[in-house]
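Working notes, structure below.
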Amino acid sequence: MVQRLSPPTRLLSDRLDAAFYGRPTAVVARELIGKALLHHVDGQWLGGWIVETEAYLDHGDPASHSARGKTASNASMFSDPGTLYVYPIHAKHCLNAVTQPADQGAAVLIRAIEPVWGLDVMRRHRGYDDVRRLTRGPAMLCQALQIDRSDDGRCLVRDERLGVFTDSSQRAPVIRATKRIGISKAQHRNLRFVDVNSEYLSRQVG
């Protein structure tokens, strides 16, 4: 019998389901702020509170990987809502949660979290002691949580070692929409969402 893994129950009350991810991408990107991203690695949960996301749309968005159509490399982006889409960039990786119904090609890039669980392990993965340098960017986040291209296609809804969870007792984040960063196309769109009070953003809001 496979042992069922439980996320840290002191704070977490519920896993986000497929219906959460199956909605418009910008809505999901905003509402992921304040949720907990967790990955179970070597017997320990690693993760923290999501503080920064970006929405990448299924049509009319030249910055989205789906703009060139479905390919072998971006196929997971066209999978069921709640699928993990992981892509490589400069020998590092970025993780996305697929949104909207299957075959549409939309996803939310998780850019940064406030690290909470498994800090010592994440420090070893990153090679830094300063907690502010662990997960304040998409590539740093993947390295800290040990997520790479081999995790592409995993399911945030059903995978017992990976998921996004909610906690109604947490403070409500103050969310602001800003322009996306680190892209060369469609920079004008306010599709980046941040917890303005967080110290762990990849780039602070001016």
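Nothing in this text is a laboratory measurement; each read-out follows from the coordinates by a stated rule. These figures come from a predicted structure and were not determined experimentally. Reconstructed Cβ throughout: ideal geometry from the backbone, glycine too, with neighbour counts over all protein chains shown.
Things to note:
- With 5 Å bins beginning at zero, the pair-distance distribution over Cα atoms of the stretch 14-195 amounts to 1, 9, 18, 23, 23, 16, 8, 2, 0 %.
- With θ taken as phi - 60° and the Karplus curve 6.51 cos²θ - 1.76 cosθ + 1.60 applied, the whole-hertz 3J(HN,Hα) list for the stretch 21-26 is 6, x, 9, x, 4, 5 Hz, x standing for glycine and proline.
- Furthest towards positive pole of dipole, Pro24, Gln204, Ile147, structure part the chain, Cβ charges: Gln204
- Between the beta carbons of Ala18 and Arg149, assuming R0 = 35 Å, the FRET efficiency works out to 0.90 to the nearest 0.05.
- Converting phi to 3J(HN,Hα) with the Karplus coefficients 6.51, -1.76 and 1.60 and the offset θ = phi - 60°, the stretch 170-184 yields 5, 4, 6, x, 8, 9, 10, 8, 9, 5, 5, 10, x, 10, 10 Hz in sequence order, with x at every glycine or proline.
- Less than 5 angstrom separates the built amide H of Gly163 from those of Leu38, all sequence-distant by 5 or more or on a different chain.
- Based on DSSP H segments of at least four residues, each scored -39500 (n - 2.57), the chain has a per-residue ellipticity at 222 nm of -3500 deg cm²/dmol.
- Cα centroid separation, the stretch 160-204 to the stretch 78-102: 16 Å.
- Computed over the stretch 8-76, Kirkwood Rh from alpha-carbon pairs, angstrom: 14.4
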